[in-house]
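Notes follow the structure.
Any read-out appearing in this document is the output of simple, stated calculations on the displayed coordinates, not a laboratory observation. Computed from a prediction, not measured in an experiment: that's the story for all the values here. Cβ atoms come from the backbone with ideal geometry, glycine included; neighbour counts cover every protein chain shown.
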Amino acid sequence: MSENVRHGTLFGVGLGPGDPELVTLKAARVIAEADVVAYHSARHGRSIARGIAAPYLRPGQIEEHLVYPVTTETVDHPGGYAGAMQEFYTAAAERIAAHLSAGRDVALLAEGDPLFYSSYMHLHTRLTARFNAVIIPGVTSISAASAATATPLVTGTEVLSVLPGTLGAAELGRRLTDTDAAVIMKLGRSYPAVRQALSESGRLDETFYVERASTAGQRVLPAADVDDTDVPYFSLALLPGGRRAAAPRGTVTVVGLGPGDGAWMTAQSRAELAAATDLIGYGPYLDRVPTSDGQRRHPSDNTEEADRARLACTLADQGRAVAVVSSGDPGVFAMAAAVIEEARNWPTVPVRVTPAMTAAHAVASRVGAPLGHDYAVLSLSDRLKPWSVIAERVRAAAAADLVLAVYNPASRTRTWQVEAMREVLLEYRAPTTPVVVGRNVSGAEPGDGEDLAVTTLGELDAARIDMRCLMIIGSSQTRRYRGADGDRVFTPRRYPG
């Protein structure tokens, strides 16, 4: 083909949610100027996109009517529904390509925005390697639905989640508990699962159902009042922000933040933190919690656990909703025990504990599965218990051939305990026993400042261990090898008979 042949341009034209007056000026101009106007419809032939664009069409334009072969997942195609649709999009792309190759500009119409849950994208990916494409954005159904309810969708630092109803009830419910506001698209036959997710997450009564937003057929109902059997595909569920339920007043919740990075914090922990009126914790841990309007923060030093617990119960007794934060899991050498102990003196103050990932599990995940069999969790800090007790427990765990997860191994003032522990362990275990040392292991991906070392009990350098480290010391069965992505350590689940 001659290089001087002019190809046409593909225009992905967003038409907005349905009202022809919500078509942008640019979209109207592109539609009117295009040589070819293409649009989709179901087999009944009535194209919603063409109906929206009709006021902007001109006589003499070529129209490409792209008819979906199926509208449900029940299909005779050998590749099933997905196979039938892939075949359709490939054939439709070639129809459009023929016009573009002939030098004709094509306006491919899309309800809403072309790049937002739109069929346009399937043709875009097939054509843009060969032809130039220009996207004309459109008003989304989300904006139209929010306008239809006359309700602010999100304000300030609130987070909006856009979810497809086809995710299923369990996954929808999980995500709904972790967001301030949500829009659930693609309802239709998925609405019973959507209703279930909204109900189980306690957010059904806050949610609007909006059908055919901005059109003459628009309907707005409480989501709880919708007939499951009469929900079209062009509808959505809208959960506005600003309505997240506050935590019960006069309560204390001890919340685990996980090992560090927010990627490992649970949705429940985030929800508890957002709902609290008061946040209490060690200063650097509180710095990891996003600031919310109206919340009061009460930072303190790391050694003031009893004072934090007392303050939490005092504030709760005054009617405040208090969250006490802990790094890792609050029940593992952290604030849950201190708060529960203090709460004995406050019989009218309820206390809940929200669990989280532990530092031991975070470090273990970086090297494989060193905690794959029985293991013991031990703190080397002798600030709250005498060293004689620690040494006795190390000896007992070593004699029982348990893997050891060691917290608080050293600090500026505790410098000899790691070596003392090593000497005890060497009485029971070979010098080649694998040892994992993780420092600042904190997120779903290795981050800045994270350091991980795999060594042996015989070669362990105690001088390199500090308070930010967690150690995992293998049993006689723990194995180490060099994998494609570094050192791998695991403890087999089967123990010799």
Length added when fully stretched, residue 68-residue 233, from 0.36 nm per residue minus Cα-Cα: 57.9 nm
Cα lying deepest toward the dipole's positive end in the chain, options 377, 65, 254, charges on Cβ: 377
Can you tell which of 436, 192, 226 lies farthest toward the positive end of the dipole of the chain, using +1 and -1 charges on the Cβ of basic and acidic side chains (Lys, Arg; Asp, Glu)? 436
Per DSSP, loop GluC sites (Glu not before Pro) in the range 260-316 with at most 12 further Cβ within 10 Å: none
Given labels modelled 7 Å from the Cα in the Cβ direction, how far is it in nm from residue 310 to residue 61? 7.7
I'd like to know which of 53, 91, 80 lies farthest towards the positive end of the charge dipole of the range 51-105, counting +1 on Cβ of Lys and Arg and -1 on Cβ of Asp and Glu. 53
Which value, in debye to the nearest 20, describes the size of the charge dipole of the chain about its Cα centre when Lys and Arg Cβ atoms bear +1, Asp and Glu Cβ atoms bear -1, and nothing else is charged? 360
Out of all DSSP beta bridges in the chain, what portion is antiparallel? Express it as a percent rounded to 5. 40
Given R₀ = 25 Å, FRET efficiency for residue 41-residue 166 by Cβ-Cβ distance, to 0.05? 0.70
Would you mind computing, in nm to one decimal, how far apart the modelled labels at residue 147 and residue 102 are, each placed 7 Å from Cα along Cα→Cβ? 3.7
Stretch residue 249-residue 341 to full length: gain in nm at 0.36 nm per residue minus the Cα-Cα span? 31.1 nm
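Just how large is the dipole of the range 377-473 about the Cα centre, in debye to the nearest 20, putting +1 at every Lys and Arg Cβ and -1 at every Asp and Glu Cβ?
Computed about the Cα centre, the dipole is about 380 debye.
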Per the rule of 0.36 nm per residue minus the C-alpha distance, extending residue 479 to residue 369 adds in nm 38.6 nm
Students often check this: by mean Cβ neighbours within 10 Å, which of 426-434, 139-147, 77-85 ranks highest, and how do the rest follow? 139-147, 426-434, 77-85
What is the distance, in nm, between label points placed 7 Å from the Cα along the Cα-to-Cβ direction at residue 130 and at residue 427? 7.8
